[in-house]
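First up is the structure itself, then whatever we jot down about it.
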Amino acid sequence: MSTISIESVTKRFPNGFEALKGINTEIAAGSFTVILGPSGAGKSTLLRLMNGLETPTGGSVSIAGETLGKANLRKVRVHVAMVFQQFNLVERLSVATNVLTGRLAQRSWFGSVFYLFRNEDMDITREALARVGLTDKAWSRADKLSGGQQQRVGIARALAQRPKVILADEPVASLDPVSSEEIMGLLREICDRDGITIVVNLHQVDLAKRFADRIIGMNSGRVVFDGASAELSPQALRTIYQREGIEHDNSLDLALAYA
Ligand SMILES: Nc1ncnc2c1ncn2[C@@H]1O[C@H](COP(=O)(O)OP(=O)(O)O)[C@@H](O)[C@H]1O
Ligand SMILES: [Mg+2]
C-alpha cells in the first residue's frame, strides 16, 4: 500500500526556474525513505509538495488515496506532519504549549484561534513528550533547550498531530553529530513502533545509509537513484552529486568519503 503517490510532477517557479522536471514515485505506508541530494536538487520543493505548501505546475500528488487540491488541503494536511531544520518553535512559549500546537491541525478555526485545547489534547501532549524523553522539560521555555532538545520538541509536536506521515526537511542540518544520531534514531523508532511513514531530506550520505530503508537520489530536479541503502554504490553517489560543467566537486568527495 502506498501512502504518498507522486505522478509526473513538475514544478516551475514564477521566475521560470524548473525545480522539478517530472517526478514519479510511490512511497509505501510505514516505510522510512531518505531523499538525498546536493543543495538545489529540489528536495525541499518535493517535500513541500507532499503537504501542499507548494502546488505542482504539472502532475499530481496523492496522500492516502486523496489527490491534493485546494478543496481538500486542510483535510489531507491533518495526516501529514512537518519537522524543520530550524525547528520552527515559538521560542518564548513552553515546550508543552509548542507540542500542543500540533493539535491545532485537528481543531476548528475557532478553537485554533483561541487556543482552545481539550483534556484529550493534554494527554496526547504528555504522551508525545514522554516519547521524545522530554517529560521533565514540559514547562521550560522552548528557547532554553539545546538544539537537539528543540528538535525533539519539533518531533513531539509532529507526533501530537497523530499523523500518518512525517516529512522532515534537513532535520539534523543544524545539529552536532551526536544529536543528529539521536534525532535520526528517534525518527527510525517512530517509523518502526508507530508505523508512521517517514520521509527525510538529507545531504549526509552516512546518515542516509544507516537509517533509511530506501534512498531516493535527486539531482537537478530529477530522480537519479532509487534503491535500498545497500545499493547506494560510489557510482550511484557520483550520479547524485555530479554537477553540470564542474569537473571536480567537494560535495562529491565528501559523499564518497562516507560511501
Ligand atoms: N520560490 C522559488 N523561486 C524560484 N526558485 C526557487 C524557489 N524555491 C526554490 N527555488 C530553486 O529551486 C531549486 C531547488 O530548490 P530546493 O527544493 O530548495 O532544493 P534543495 O532542498 O534540494 O536544496 C534551487 O535551485 C532553488 O534555488
Ligand atoms: Mg532543502
_Inter-probe distance in nm under a simple model that places probes 7 Å from Cα toward Cβ, at ARG238 and ASP143_ = 4.9 nm
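Could you tell me whether the range 35-182 comes out rounded, prolate or oblate from its Cα gyration tensor? Rule is a ≥ b ≥ c as square roots of the eigenvalues, rounded for a/c under 1.5, then prolate if a/b exceeds b/c, otherwise oblate. Each step should come with its number before you reach the end.
Working: a/c = 2.24, a/b = 1.20, b/c = 1.87.
Oblate.
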_Solvent-accessible area per residue for the range 158-251 (1.4 angstrom probe, square angstrom)_ = 44 Å²
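May I ask you to derive the FRET efficiency for ASN119 and ARG92 from their Cβ-Cβ distance with R0 = 41 Å, giving the value to the nearest 0.05? Let's see the in-between values first.
Numbers: r = 25 Å, r/R0 = 0.61.
Once the sixth-power term is evaluated, E becomes 0.95.
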*For LYS70, list the aspartates and glutamates whose Cα falls under 12 Å from its own Cα; do not include residues on the same chain fewer than 8 positions away.*
GLU54
*asked:* Relative contact order for the chain: what percent, with Cα pairs under 8 Å and sequence separation of 6 or more?
replied: 26 percent
*Going down the table (LYS75/LYS164; LYS21/LYS209; LYS43/LYS164; LYS144/LYS209; LYS21/LYS43; LYS43/LYS144), which pairs top 23 Å between alpha carbons?*
LYS21/LYS209; LYS144/LYS209; LYS43/LYS144
_How big is the dipole moment of the range 1-153 about its Cα centre under a simple scheme where the beta carbon of each Lys and Arg is +1, that of each Asp and Glu is -1, and everything else is neutral? Debye, nearest 20, please._
300 debye
*Per the helix-only calculation at 222 nm, which mean residue ellipticity applies to the chain, given -39500 (n - 2.57) for every DSSP H run of n ≥ 4 and division by its residues, nearest 500 deg cm²/dmol?*
-10000 deg cm²/dmol
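What FRET efficiency comes out for LEU73 versus VAL178 if R0 is 45 angstrom and r is the Cβ-Cβ distance? Round to the nearest 0.05. Kindly include the intermediate steps, with their values, before the conclusion.
Numbers: r = 38 Å, r/R0 = 0.84.
Once the sixth-power term is evaluated, E becomes 0.75.
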*Quick one: Kirkwood hydrodynamic radius for the chain, alpha-carbon pairs, angstrom, one decimal?*
18.9 Å
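Probe radius 1.4 Å, ligands and nucleic acids ignored: give me the carbon and sulfur share of the accessible area of the chain as a rounded percent.
Working: 6150 of 12140 Å².
Solvent-exposed carbon and sulfur of the chain make up 51 percent of the total.
The values are calculated or read from the model by the stated rules, or taken from the named source; none is laboratory data. In this text the structure is predicted, and so the values were computed from the model without any measurement. Because the Cβ atoms are built from the backbone with ideal geometry, glycine has one as well, and the counts that use them run over all protein chains shown. Protein only, heavy atoms only, side chains kept; ligands, DNA and RNA dropped before computing areas. Shrake-Rupley method; radii C 1.70, N 1.55, O 1.52, S 1.80 Å.
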